[in-house]
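This report refers to the structure that appears directly beneath it.
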Amino acid sequence: MSFTVPPLHSGGVMLTYKCDNACRHCLYCCSPKSSDEVMSEEMIDHTMSALSKERSLDGIHFGGGECSLFFDWLLYAIRSAVKHGVRIDYLETNGGWCIDDQTAVDGFKRLRDAGLSGVLISASLFHLEFIPVNVTKTAIRAAHKVFDGAFVWTDEVLRLMERLPDHDKKYPIQESCRLLGINPADGTLWQIHSYLNPCGRAARRLSEGLRRYAALICALRQLGSAPAKGDTIKIGQALRDKKCSGLGVGNCCSGCDRYVPGCPPTAAQILEMLR
Ligand code: SF4
């Protein structure tokens with residue numbers, strides 16, 4: 001079997017996995033607890049040199065983690081890309097460091113002077129758990145001033161966030177959803193952030209749910225027949241702290257008439273309850 005690596009047209013260079021946020025949807029599970037490791041100057045130069053030989057490469061972006069946590073490395077990486085003739089499309093940032101106009105403008109100017117030509121600023125209800133709307137808007141305002149524009153990812157969610165009453169507040173996801181009339185259990189939250197993939201931290205959370213679901217399927221197969229008519233089975237974190245009829249599977253469903261404790265419970269425990 002042979003495998004051909006297709007030509008590289010664009011790519012992200014991740015300087016670090018460290019981030020000041022720990023967004024629930026993060027593709028790379030970044031967080032303040034991630035290692036302090038950042039690409040060394042030698043590795044940055046090596047990477048840029050290799051990228052400069054990619055004939056089909058249009059451009060790269062810098063991402064992470066939050067690269068701005070290692071500002072001097074970020075400046076070095078931008079200069080290295082310029083030196084090697086690698087086009088930089090933009091820097092991805094959560095903008096959390098843009099605590100006031102001056103700080104934001106000064107920071108973007110340093111990046112621009114090193115060779116950066118654009119910036120992408122994240123705006124999502126997941127980021128909002130860590131960064132107030134006003135900080136995101138400060139970042140956007142400053143980027144407009146310095147780069148003559150800013151790419152907001154996404155504008156649509158930013159407009160939604162602006163409907164919240166307190167722009168200086170970090171909103172837990174349950175609260176922002178409640179205030180915006182979004183039911184986090186019916187998939188709307190994911191539709192709003194439709195660009196997301198079930199990878200990273202989201203996949204980890206999903207797999208916890210899947211383990212519960214797999215144990216239930218396994219128990220039902222072993223039971224060999226459907227549970228008694230009318231005996232509905234409840235499963236899922238959306239039922240946490242709620243009163244429900246029927247049989248619940250897992251600790252989240254402790255509000256059901258009867259429930260199988262565990263996180264997740266085993267197929268044998270579920271089976272015992274079903275019998
Ligand atoms: S800001 Fe970006 S890198 Fe940091 S945790 Fe959130 S999604 Fe991940």
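Just so it is clear, none of the values below were taken in a lab; they were calculated from the coordinates. Just so you know, these numbers come straight off a predicted model, no measurement behind them. Positions of Cβ are backbone-derived with ideal geometry, glycine not excepted, and every protein chain shown enters the neighbour counts.
Here are a few things to note about the model shown:
- For the chain, the convex hull drawn through the C-alpha positions has a volume of 171 cubic angstrom per residue.
- Glu41/Tyr195 FRET efficiency (R0 22 Å; Cβ-Cβ; nearest 0.05): 0.10
- Antiparallel DSSP beta bridges within region 10-196, percent to nearest 5: 5
- For the chain, the Cβ-based charge dipole about the Cα centre amounts to some 1100 debye (Lys, Arg positive; Asp, Glu negative; other atoms uncharged).
- Spin-label model, Cys244 to Met1: label points 7 Å out along the Cα-to-beta-carbon direction sit 4.0 nm apart.
- In the chain, the longest principal axis of the Cα atoms and the axis of helix 71-83 are about 60 degrees apart.
- Here region 51-180 is assigned +1 on the Cβ of each Lys and Arg and -1 on the Cβ of each Asp and Glu. Its dipole about the Cα centre then comes out at about 320 debye.
- Karplus (6.51, -1.76, 1.60) ³J(HN,Hα), θ = phi - 60°, over region 36-45, in Hz, Gly and Pro reported as x: 6, 4, 9, 4, 6, 4, 4, 5, 4, 4
- Using 0.36 nm per residue and subtracting the Cα-Cα separation, the extra length available between Asn251 and Ser117 on full extension is 43.2 nm.
- Of the residues Tyr17, Ser80, Cys30, the one whose Cα sits farthest toward the positive end of the charge dipole of region 10-196, with +1 on the Cβ of Lys and Arg and -1 on the Cβ of Asp and Glu, is Ser80.
- Phi-derived couplings, Karplus 6.51 cos²θ - 1.76 cosθ + 1.60 at θ = phi - 60°, listed residue by residue for region 257-267: 3, 9, 8, 9, x, x, 9, x, x, 7, 4 Hz, with x used for Gly and Pro.
- Max mean-square fluctuation residue, GNM over the chain, Cα-Cα springs under 10 Å, options Lys83, Lys243, Lys53: Lys243
- Amide hydrogen proximity for Asp89: with H placed 1.01 Å from N in the peptide plane, the residues at 5 or more positions away or on another chain lying under 5 Å are Ile60, His61.
- For Met14, the residues 5 or more places off, or on other chains, whose built amide H falls under 5 Å of its own are Gly63.
- Relative contact order of the chain: 13 percent, from C-alpha pairs under 8 Å at least 6 residues apart in sequence.
- Candidates Gly187, Gly64, Gly224, ranked by Gaussian network fluctuation over the chain, Cα under 10 Å, top entry: Gly224
- Karplus (6.51, -1.76, 1.60) ³J(HN,Hα), θ = phi - 60°, over region 100-115, in Hz, Gly and Pro reported as x: 8, 4, 5, 4, 5, 5, 4, x, 5, 5, 4, 5, 4, 5, 7, x
- Computed FRET value (nearest 0.05) for Thr154 with Arg275, which takes r as the C-beta separation and R₀ as 51 Å: 0.55
- Averaging Cα coordinates gives a centre for region 164-204 and one for region 9-70; these two points are 25 Å apart.
- Rounded to the nearest 10 degrees, the angle from helix 200-223 to the longest Cα principal axis of the chain is 20 degrees.
- Residues whose placed amide H lies under 5 Å from that of Ala22, excluding near-sequence neighbours: none
- Pairs of Lys residues in the chain are counted when their Cα atoms are under 19 angstrom apart and they lie 8 or more places apart or on different chains; the count is 10.
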